[in-house]
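The values are calculated or read from the model by the stated rules, or taken from the named source; none is laboratory data. Small disclaimer: the values here were computed from a predicted structure and weren't measured. Please note: Cβ atoms are built from the backbone with ideal geometry, for glycine as well, and neighbour counts cover all protein chains shown. Accessible surface is based on the protein model in full, side chains and every heavy atom, while ligands, DNA and RNA are left aside. Shrake-Rupley method; radii C 1.70, N 1.55, O 1.52, S 1.80 Å.
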Amino acid sequence: MPLPLTKVLINTAAAAKARLLLAHGAGAGADSSFMQQLAQQLAVNNVEVWRFNFAYMQRFIDTGKRSLPERMPLLMQQFNQQAGNCPPDLPLFIGGKSMGGRVASMLSQHSNVKAIFAFGYPFHAPKKLSWRTEHFTTLACPLFIAQGERDPFGTTAELVDMQWPKVDIHWLADGDHDFKPRVKSGLTQQQLIAAAAQFCSRNIDEILLAAK
C-alpha cells in the first residue's frame, strides 16, 4: 500500500544535466543548514536537487514530537516511492546525508537510478564495531561517498584497507561527519561542502558521458 509522500523541496539549476533525489540524516531534516548548503552547491554545478523528509521527520516538524527513525524497510519504501515519483525528463541519481545515504545505497536495484551519492556514510556507529557495509558487495550501480577524514562514523585510518568493487570514497580534508574541519586546518565547512558537490558533479558527468 503506497505511503503518503512528503513535500519535496526543489533546487533548480540553470542548465540541469541531472536530478539528485536527496534524503536527510537521522537527526535533522531536509531543510537543515547542511542540506540547504549542499543542495545550493549542487545546483551551482547544474544538478537539480529534490529534497524530502522521511515520514518520522515530517511528523516531528508538524507536531514538535521527536521520534526515532523508522526501520530500514519502511525508510527504503518511502525513498523508493519518492524515486518512482520523479519525472523522467532528467537522468536520476539518488543519495543522502548519513542515514539518508545509507538508505539510498540499499536501493541500487532501482531501474531508473544511475548511481548513488552518500555524503558522510555511517559505516558504523561511533565507537562501535558493527559495520553497515554488508550490501556493498552486491550493489547494482556505483556508490560514491564523500567522507570527512575525521568522521567518527568511518575515518580514513579505519577505511584505508577497505575496498568494494562499486564503491568510490572521496576524502574531505580534516572534515567531521558534517564536513566541519578544525579551525587550524585553514578550511571551512562551506569549502568542504562545495568540494563534495563538485565530486558529485564530476562523477555524474562521467556516467552521462559513458552512457552516450
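Some observations on this one:
- Out of Phe199, Phe153, sole residue that is more than 27 Å from Ala15 (Cα to Cα) and surrounded by 14 or more Cβ atoms within 10 Å (Cβ to Cβ): Phe153
- Residue within region 127-134 that is open to solvent by less than 10 Å² (accessible area, probe 1.4 Å), of a type in the set (Gly, Ala, Ser) and in a loop (DSSP other than H, G, I, E, B) present: no
- A count restricted to region 156-174 and to residues that are open to solvent by 80 Å² or more (accessible area, probe 1.4 Å) and within 20 Å of the chain's Cα centre (by Cα) stands at 3.
- Listing of helices (runs of 4 or more DSSP H) fully contained in region 52-110 that carry 1 or more residues being at positive phi: none
- Screening Phe123 against (1) out of contact with any strand residue (DSSP E or B) (no Cβ under 9 Å at 6 or more places or on another chain); (2) surrounded by 18 or more Cβ atoms within 10 Å (Cβ to Cβ); (3) more than 19 Å from Leu42 (Cα to Cα) leaves a single unmet condition, (1).
- Count of residues meeting criterion [over 17 Å from the mean Cα position of the chain (by Cα) and open to solvent by less than 40 Å² (accessible area, probe 1.4 Å)] in region 56-86: 2
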